[in-house]
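S.K.: Provided herewith is a single structure, encoded as structure tokens, for subsequent inquiry.
Nothing in this text is a laboratory measurement; each read-out follows from the coordinates by a stated rule. Please read these numbers as outputs of a predicted model, since none were measured by experiment. With ideal geometry, Cβ positions are generated from the backbone for all residues, glycine too; neighbour counts draw on all protein chains shown.
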Amino acid sequence: MRTIKRYSNRKLYDTEDKRYITLDQIAELVRDGQDIRVVDNQSGEDLTTVTLSQILLEQEKRKEGKLPKSFFMSLIQRSSNSIGDFMRKNVLQYFDSTLLSEETIEENVDELVRTGELPQEEAKQLKDEIRERTQSFRERLDELIEARVQDLLKSLNIPTKSEVESLKERLAELNRLVDELAAQRERVD
């Protein structure tokens, strides 16, 4: 896990690369599948969620975000006074929905349209965005799982599938050479 320290002057410092880093650079790390943790330099308090929220806010400010306005309005309307409760009840629920089947997601969005909470045009955009993010999430998850499995196999000194295949190819080549040598020996005898 990559640790980012946040100083009292709000600067962020990447302890792995040993340099200052911006919110945009942190966003890029997350998009690349890096697991990050942001901590307050003095207290050690975990500021990861706050920092990720800042990244989303900045993206929305620059019009890079693709989430419809009604999504944020709905989050705020249904939220409690506690930021923690708000995150648990709404934002985490939204991200958990990326793990649901696309059919279930479409049913939920269609229900929002039927109840008048979401216009049809925004519903289509939301469905497209959720499909895109779900696919991207699955791809990143597959990559992370594959990397973790490879690391685990390596740490346990267990050969990977590609290493076993390579050994099979080398063994086949050795068998071919042995057969050639045996054939040559028979001709000599």
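S.K.: Six or more apart or on different chains, Cβ under 6 Å: which pairs go from a residue in segment 4-30 that's among the acidic types (Asp, Glu) to one that's surrounded by 15 or more Cβ atoms within 10 Å (Cβ to Cβ)? Could you list them?
M.R.: ASP14/ILE4; ASP14/ILE21; GLU16/ARG2
S.K.: Can you give me the number of residues within segment 29-43 that are charged (D, E, K, R) and farther than 14 Å from SER136 by Cα?
M.R.: Summing the residues that are charged (D, E, K, R) and farther than 14 Å from SER136 by Cα in segment 29-43 gives 3.
S.K.: Pairs please, first residue from segment 159-184 and closer than 23 Å to GLU146 by Cα, second anywhere and part of a helix (DSSP H, G or I), Cβ atoms under 8 Å, 6+ apart in sequence or on different chains.
M.R.: PRO159/LEU153; PRO159/LEU167; THR160/GLN150; THR160/LEU153; THR160/LYS154
S.K.: Starting from segment 42-54, take each residue that is surrounded by 11 or more Cβ atoms within 10 Å (Cβ to Cβ) and list its partners that are among the acidic types (Asp, Glu), counting only C-beta distances under 6 angstrom and pairs at least six apart or across chains.
M.R.: From residues that are surrounded by 11 or more Cβ atoms within 10 Å (Cβ to Cβ), the pairs are LEU47/ASP40.
S.K.: Right, something else. Could you list all residues from segment 17-60 that are hydroxyl-bearing (Ser, Thr, Tyr) and assigned to a strand (DSSP E or B)?
M.R.: TYR20
S.K.: While we're looking at this one, here's another question. Name, by its number, the condition in (1) surrounded by 13 or more Cβ atoms within 10 Å (Cβ to Cβ); (2) more than 23 Å from PHE137 (Cβ to Cβ); (3) not polar (S, T, N, Q) that does not hold for LYS11.
M.R.: Among (1) surrounded by 13 or more Cβ atoms within 10 Å (Cβ to Cβ); (2) more than 23 Å from PHE137 (Cβ to Cβ); (3) not polar (S, T, N, Q), the lone unmet condition for LYS11 is (1).
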